[in-house]
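See structure below.
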Amino acid sequence: MTENEKCMAGELYDCHSPEFIERKARATEWMQRYNALPYSERSKRYGMLKEFLGSVGTYVSIGDDVIIGFGDNIHIGNNVSINYRCTLIDCNEIIIGNDVLIAPCVHINTASHPVVLEERLTKDWKPETGEYRWRTYAKPIRIGNGCWIGAGATIIAGVTIGDGAVIAAGAVVTEDVAPRTLVGGVPAKFIKGV
């Protein structure tokens, strides 16, 4: 398997392999151009989203100071508003449904590392080889239709958020969220149905 195939399968992979470095460089250049465009240039911004992201529906906007991992693993439905200073680390797929609101400073991160130290560190690591010290994996994140993600929330690798769910501001979502529920806290827990 290639490093990208391992990544997309949720297996440990070398996130510093040349293919990832190239994609990160391309994303960085795109972010610099996108974030430099004035808000009033909405049609140009939308055009940039369409040309760069994996797929983008109609009436989609992403605010200033967005940080994107690669771009090509991000898929956004129709009528989606992603506010200022959001981070979308798409080592694996980020799939956002229709009619979704994402407030400022939300972090959506598909990448992670093993919790056990011996599994996280590359055994017999030799920096001169260029091998990455910390072992990495990535799992997809899915946000259903009609969701609202509150300001400063963090969505962790592998999470699916059901249709119509609401994530409270500042929540850290580490587990799947049932449709039409409100969750909040660190880690996020069920508060009520909505």
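The values are calculated or read from the model by the stated rules, or taken from the named source; none is laboratory data. As the structure is a computational prediction, the values presented were derived from the model and not from experiment. A quick note on method: Cβ atoms are made from the backbone with ideal geometry, for glycine too, and the neighbour counts reach across all protein chains shown.
Numbers for the structure displayed
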| read-out | value |
| --- | --- |
| Residues located in segment 74-89, provided they are touching a Gly at 6+ places or on another chain (Cβ under 6 Å), closer than 21 Å to D163 by Cα and either assigned to a loop (DSSP other than H, G, I, E, B) or of a type in the set (S, T, N, Q) (or both) | G77, N78, N83 |
| Checklist (1) modelled with pLDDT of 95 or more; (2) within 20 Å of K24 (Cα to Cα); (3) exposed (fewer than 14 other Cβ atoms within 10 Å of the Cβ) applied to T110, failing item | (3) |
| Among the candidates W148, W125, residue that is in contact with a Leu (Cβ under 6 Å, 6 or more places away or on another chain), of a type in the set (A, V, I, L, M, F, W, C) and over 19 Å from C7 (Cα atoms) | W148 |
| Checklist (1) in contact with a strand residue (DSSP E or B) (Cβ under 6 Å, 6 or more places away or on another chain); (2) modelled with pLDDT under 95; (3) not polar (S, T, N, Q) applied to K126, failing item | (1) |
| Pairs with Cβ under 6 Å, 6+ apart, first in segment 70-86 and under 15 Å from S55 (Cα atoms), second in a loop (DSSP other than H, G, I, E, B) and charged (D, E, K, R) | F70/D90; N73/D90; N73/E93; I74/D90; N79/D99 |
| Test: E118 is of a type outside the set (K, R) and either in a helix (DSSP H, G or I) or at positive phi (or both) | yes |
